[in-house]
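Data block below; observations after.
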Amino acid sequence: MNSAEKLRLLRRRMQEQGMDAYVVVTDDFHGSEYVGDYFKAREYLSGFTGSAGTLVVLPDSAALWTDGRYFLQAADQLTGSTIDLMRAGQPGVPTIGAFLAQRVPQGGVVGFDGRTVSSLFARTMAAALEGKNVRFAYEQDLAGPAGAVGAAGVGAAGGVRRADP
């Protein structure tokens, strides 16, 4: 299964959960840079194997942010994936928060696995989305082993809850 097929499965689960965006970070529960296989959902979905990167999936597009250490590697590994490379920190490249603010509708829902997203990153996204009445669905692990695509690429999402209204 290629990245486009994996993203299609994730988008189907996003739609079922009423999400307008889903954010997949590289971290594990402890914020480690180098994570075990269980936490490699970003790598599985995108094909990008670098140790630093964040994938944002929207209903009709996807983008991956990484830093200068990985620009060449990411460009190579994302070729043909339908995922846009965002070279973090470069002129004209929006932050993840700014990107979401431009693309998530008023009153929208942004999903992510809250066990792997740092409080600083969540607060940064919230600040960028302030005034849009966006809700976070942080209980959602749609991309991990029990999520929409999981390590085997199957939909076994039991127990996923929708964000509180």
Using all C-alpha to C-alpha distances in the stretch 1-121, build P(r) with 10 Å bins and read off the rounded percent in each one.
-> 13, 47, 37, 3
Quick one: work out the % antiparallel among DSSP beta bridges in the stretch 13-145, nearest 5.
-> 40
Cα gyration tensor of the stretch 56-140 diagonalised, 5x eigenvalues square-rooted, in angstrom largest first, produces semi-axes 23, 14, 13
Kindly give the semi-axes, whole Å and largest first, of the ellipsoid equivalent to the stretch 1-69, taking each as the square root of 5 times a Cα gyration tensor eigenvalue.
-> 21, 13, 12
Please give the direction-averaged projected area of the C-alpha convex hull for the stretch 94-133, in square nanometres with one decimal.
-> 2.7
State the Cα centre-to-centre distance between the stretch 58-81 and the stretch 1-56 in whole Å.
-> 12
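No lab work stands behind these numbers, since they all come straight from the coordinates. Just so it is clear, the structure is predicted and the values come from calculations on it, not from any experiment.
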